[in-house]
Each structure stands twice: as structure tokens, then as C-alpha cells.
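Enquirer: Below is the structure I would like to discuss, written out as C-alpha cells.
The values are calculated or read from the model by the stated rules, or taken from the named source; none is laboratory data. The model shown is predicted, which means the values in this text are computed figures rather than measured ones. Neighbour counts are summed over all protein chains in view; Cβ atoms, including those assigned to glycine, are modelled from backbone coordinates with ideal geometry. Each accessible area value is taken on the protein alone, full model and side chains, heavy atoms only, with ligands, DNA and RNA left out. Shrake-Rupley method; radii C 1.70, N 1.55, O 1.52, S 1.80 Å.
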Amino acid sequence: MTSLTTSLNIALTGLNAASTQTEIIANNVANALTPGYAAQSVELTSNVVEGNGRGVGLAGVTLASDPVTTASRRLSDAETAAADYMSTAETQLALAIGTPDVDGSLAAYAVELETAFVAAANDPAADVYLNNLADAARDYAEAINEAATDIRTVRQNADADINRMVDDINTILIEIESLNIQIQEQEVSGGETATLVNERDRQIDALSVYFEIKTFPRDNNAVAIYTTSGGVLLDIQASTLEFDPTPIITPDMTLAAGSLSPLTINGSVVSIGTGNGVGQYEGGALAAAFEVRDVTTPDVNSDLDLLAEDLILRFEDTAVDPTLAPGDAGLFTDAGGPYDALDVTGLAGRIALNAAVDPEQGGDTWRLRDGINALAQGDVGDSAILDALNTAYTDPVAPPAATGIAVAVSATGFASQISSQQAARQLQADADATFSASFNATLRQSETSITGVNTDAELQFLIFVEQLYAANAQVIRVIDELFAELLRI
């Protein structure tokens with residue numbers, strides 16, 4: 001009777017083990033396509049009492065893991081997210097400026113204005129050419145205004161993205177802190193932690209988009225999370241990130257001037273997104289958003305401001321238009337006024353055609369031929385001022401060093417160079433994003449081959465578990481029959 005009872009108990013442990021394995025297999029198959037899910041498996045042990053086998057025991061549920069590849073993939077997640085964010089921003093900036101060969105680009109408008117200058121100078125008496133010149137000049141100024149507005153939108157969107165990311169990061173860190181506590185409690189009480197660990201890993205994966213991170217083990221299977229440069233994100237307690245969004249950002253607003261919000265962590269201001277890669281929190285999407293807001297868009301806007309400055313200064317010279325007095329605004333103005341060397345920031349958003357020659361503002365196009373401040377119309381066949389305007393527009397001028405343009409260029413050449421530079425930055429950003437995404441996909445594939453769920457293997461193992469279950473069930477059936485026979489004796 002004792003041996004039958006022992007055999008029954010052994011068979012019951014087999015049934016329990018098979019039942020648990022079946023449940024784990026079902027869970028694995030159900031989550032086969034869940035991103036970040038690591039396959040689970042049941043770890044069995046032998047039950048031994050006084051040197052004799054007493055069936056199988058459950059040592060716990062383990063997760064498939066590849067720590068080295070996972071760590072590399074998480075670093076790649078940050079790099080890929082940052083590269084993708086920069087690529088998107090550079091593309092938007094390139095669209096704002098346009099490539100030289102595309103209609104509607106700044107370079108195309110500059111060429112149209114040059115063509116209009118030539119036509120008007122060749123036939124100064126033709127009103128149609130003077131009107132076309134005024135239209136081309138106005139269109140070019142408005143295109144620069146629109147580009148400046150588009151750049152400001154990219155910058156404001158980056159600020160909004162930072163705010164969204166900070167909220168997301170805080171939520172993730174709080175969730176990881178909570179999971180750490182639950183895992184520690186289960187470890188102490190001997191409970192199951194695999195599902196909690198799996199969820200924590202998924203949350204850490206979500207965090208790895210924003211920072212380059214490393215994890216470190218702590219007591220009772222908890223983890224601490226730091227950036228690769230030593231910035232604390234979570235160690236026992238989650239760090240708290242704070243950021244105040246700025247919905248409307250003008251070109252003169254900067255982080256250094258205090259008109260834009262910095263990132264604070266646990267109450268301390270941190271350096272991030274400076275463009276030089278130095279800082280404890282660089283490397284992910286959050287730093288990329290700060291770089292777009294504080295470095296990339298201001299640089300592109302500065303190029304546009306210098307383009308507008310060049311355009312205004314070319315026509316304020318009294319040698320170009322003798323009717324101008326020193327300090328008068330020329331063909332292009334700063335919101336109606338003359339150029340102010342102390343107020344260049346934001347000039348691209350303010351440049352405008354002089355109202356005196358703009359019919360849409362009540363001006364007269366004959367002033368393009370006879371001079372902006374002319375008291376009356378002169379000889380309709382006199383092209384002297386139009387020739388001077390055309391020469392001023394086409395003469396090579398050395399751009400400011402800040403533009404990165406190393407040679408003297410015409411006004412059209414200036415616009416073409418800025419467009420080409422932005423197109424080159426976009427191409428480089430796209431290439432960086434493509435490379436990062438490809439490398440990330442390779443790491444994910446390598447990681448998944450070890451940690452992911454192989455449904456074919458799971459279903460094959462399920463057949464084996466079902467056979468074990470049937471075998472143990474058969475043993476119980478036989479024992480039941482033996483007990484029944486013994487009771488009949």
C-alpha cells in the first residue's frame with residue numbers, strides 16, 4: 001500500500017509539472033509576436049526523500065536571455081531613435097528651404113528674381129517687366145519669410161516633443177520602480193517572478209529609446225539603471241525629470257538666455273543636446289530633440305537671417321540708387337525699415353519688399369527704374385538704376401564665415417549654397433538613420449533567435465509534454481485499479 005501511495009504521489013508531481021509546462025507553452029505561443037517578450041521555460045528538479053526519488057518538483061520559471069546582445073541592442077535603440085529624429089528634422093528643414101533644382105525653393109525664387117532684373121533692365125519702358133520685377137522680389141521675400149516660419153515650427157515641435165518624452169520617461173521609470181518592488185517581494189517570499197521580470201525588461205526597452213543606458217543588479221533581483229556616462233535614472237528610487245514647454249518660440253529665444261526651459265533631473269539642471277556629445281544624458285531621442293531645438297534649427301535660421309541681411313545690404317548703397325539718402329531702406333527692408341546691424345536675429349522673418357515699389361502696398365513700380373525716392377517719373381528709357389540693381393544682385397560678395405560658404409557669391413549663389421548645404425545635411429542624416437536602423441535590426445534578429453519564441457519548437461515540445469501527461473495519467477489509472485482491487489479483497 002505504501003509503495004502504491006508513493007507511486008501515486010510521484011505520478012501526481014508529473015501531472016503537476018506537465019500542467020505547468022503546458023500553461024507556459026500556451027503563454028509563450030500567445031505572446032510570440034509581442035515585442036520584447038522573452039520565452040519562458042519551466043525548470044524542474046528531482047524530489048528526493050531519504051535518498052529515494054519522489055517525483056519531480058518545480059524550481060521556477062526562467063526567461064531566455066542573452067545579456068550581452070540585449071545590452072548592445074539597447075544602446076543601438078538609443079542611437080537609432082536619435083538618428084531617426086535628426087533625419088526627420090533635417091528633412092523638414094530641407095523642405096522649408098528647398099533644393100536648388102526644385103520649383104518653390106529659395107534658390108528657384110532667387111533665379112526668378114535675377115531673370116526679372118535682366119528683363120527689366122533690357123526694356124525699362126515696359127511696365128510688364130517692372131511689374132514682374134516687383135512680383136519676383138516680393139515672392140522671394142515672402143518665400144524667405146515662409147521658410148523662417150517653417151523652421152520656427154520645427155523648433156516648436158521639438159520643444160513639444162521634449163515635453164512629451166519627459167512625461168513618458170517619468171511614467172516608465174515609475175513603472176520600473178514599482179516592478180522592482182514587486183519582484184523583490186516575490187523573491188523574498190519564494191514566489192514566481194518571471195512574468196514581472198519580463199514586463200520590467202519591456203519597460204527598460206522602452207526607456208532605451210530615450211537614453212543610452214546600462215542596468216546593474218541589486219538585491220533580490222532588482223535592477224538599477226544608469227546612462228552610459230553615469231547619469232542616474234533609477235537606483236532604488238526613480239529619478240524625476242522636469243521640463244516646462246514653450247509653445248511659441250521666436251528666433252531670439254535661447255536656452256542660454258533663459259527664455260527656454262532646460263531639463264532638470266531631481267531638481268538639478270543637466271546639459272543635454274548640445275551637439276558635442278558631452279554630457280551624462282546624451283545619445284538618445286531626448287538629446288536629439290534638444291539638439292534640434294537648441295542647435296540645429298537656430299543654425300539654419302541664422303543662415304536664413306544672413307541671406308536676408310545680404311539681400312537687404314546689396315540695395316541700400318546710394319551708389320546703386322542715387323535717390324536714397326544714407327540710412328534709407330533700399331529695395332528690401334527690415335519690416336519696412338532700414339537694416340539694423342544690432343538686430344539681425346529673426347531678420348528672415350521680417351524681410352519685405354519696399355512698399356514704395358510694391359503695388360500691393362500702394363507703391364509704384366516705376367520707382368524701380370527711376371529711384372525709390374524719386375519725386376517724379378523720369379526718362380522711361382533710362383536703365384541706369386535697373387542696371388545698377390542687377391549688378392548689385394549678381395556681383396560676388398563674400399558671405400559671413402558663419403554660413404560656411406568659402407567663396408564670394410552672387411545673391412542667387414548665396415541662396416543656392418544654403419539650399420545645397422541643407423540638402424547635404426539631410427542626406428547625411430538619412431544615411432546615419434539608415435545605417436543605425438540596419439544595425440539595430442541585425443542585433444534584434446540575433447537577440448530574438450535566442451530569447452524569442454519559436455512556435456514550431458514550442459508546439460513540438462507541447463506534444464512531448466502531452467505524452468508525459470498521458471503517461472502519468474496512465475500510472476494513476478493503473479494505481480486506481482489496484483486500489484479498487486485491494487478494496488475488493
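Enquirer: Rounded to the nearest 0.05, what FRET efficiency do T149 and E466 give with R0 = 51 Å and r taken as the Cβ-Cβ distance? Could you check?
Expert: Calculated transfer efficiency: 0.15.
Enquirer: So what's the angle, to the nearest 10 degrees on a 0 to 90 scale, between helix 384-394 and the longest Cα principal axis of the chain?
Expert: Long axis of 384-394 versus the principal axis of the chain: about 30 degrees.
Enquirer: Need one number: convex hull volume per residue for region 369-427, Cα atoms only, in Å³.
Expert: In region 369-427, the Cα hull volume divided by residue count equals 103 Å³.
Enquirer: Shifting gears a bit: Just the Cα atoms of region 261-360, one point each, no solvent: what log10 I(q)/I(0) does Debye give at q = 0.10, 0.12, 0.15 Å⁻¹?
Expert: Log10 I(q)/I(0), no solvent term: -0.45, -0.56, -0.68.
Enquirer: Still on this structure, I have one more. Less than 13 Å Cβ to Cβ from I174, Lys/Arg counted +1 and Asp/Glu -1: what total charge do the surrounding residues give?
Expert: So the environment of I174 carries a net charge of -3.
Enquirer: Given a Förster distance of 56 angstrom, what is the FRET efficiency for L342 paired with I181, based on the Cβ-Cβ distance and rounded to 0.05?
Expert: 0.45
Enquirer: Right, something else. What length, rounded to one decimal in nm, is gained on full extension from N163 through to S268, with 0.36 nm per residue of separation minus their alpha-carbon distance?
Expert: 36.1 nm
Enquirer: If you count only protein heavy atoms and use a 1.4 Å probe, how large is the accessible surface of E177, to the nearest 10 Å²?
Expert: Estimated to the nearest 10 Å², E177 gives 50 Å².
Enquirer: Sticking with this structure for a sec: Taking 0.36 nm per intervening residue step and subtracting the Cα-Cα distance, what contour gain separates D252 from D123 on full extension?
Expert: 42.1 nm
Enquirer: Let me ask another. Averaged per residue, what accessible surface does the chain expose to a 1.4 Å probe, in Å²?
Expert: With all protein chains present, the chain gives 47 Å² per residue.
Enquirer: If a paramagnetic tag sat 7 Å from the Cα of V102 along the Cα-Cβ line, which residues of region 144-169 would have the backbone N under 13 Å from that point?
Expert: Within reach of a label on V102: 147.
Enquirer: If contacts are Cα pairs under 8 angstrom and at least 6 residues apart, what is the relative contact order of region 200-345 in percent?
Expert: Here the relative contact order equals 16 percent.
Enquirer: Over the chain, what is the relative contact order in whole percent, taking alpha-carbon pairs under 8 Å and six or more residues apart?
Expert: 23
Enquirer: If Lys and Arg each add +1 and Asp and Glu each add -1, what is the summed charge of the other residues whose beta carbon sits under 12 Å from the beta carbon of R293?
Expert: -3
Enquirer: What is the percent carbon and sulfur in the accessible area of region 367-415, measuring with a 1.4 Å probe over the protein chains and ignoring ligands?
Expert: 56
Enquirer: A further question on this structure: When the dipole is taken about the Cα centre of the chain, and only Lys, Arg (+1) and Asp, Glu (-1) are charged at their Cβ, what size is it in debye, to the nearest 20?
Expert: Dipole about the Cα centre, nearest 20: 2220 debye.
Enquirer: Let me ask you something else. Simple spin-label model, 7 Å along Cα-to-Cβ: V278 to N170 in nm?
Expert: That separation, rounded to one decimal, is 3.0 nm.
Enquirer: Against the longest alpha carbon principal axis of the chain, how many degrees, from 0 to 90 and to the nearest 10, is the axis of helix 127-189 turned?
Expert: That works out to roughly 20 degrees.
Enquirer: A further question on this structure: Radius of gyration and Dmax for the chain's Cα atoms, expressed in Å?
Expert: Using the Cα atoms of the chain, the pair Rg, Dmax is 35.9, 137 Å.
Enquirer: Over the Cα atoms of region 117-253, what radius of gyration and what Dmax do you get, in Å?
Expert: Cα radius of gyration and Dmax of region 117-253 are 28.1, 97 Å respectively.
Enquirer: While we're here: Cα axis of helix 106-122 to longest principal axis of the chain: angle in degrees, 0 to 90, nearest 10?
Expert: So the inclination is approximately 10 degrees.
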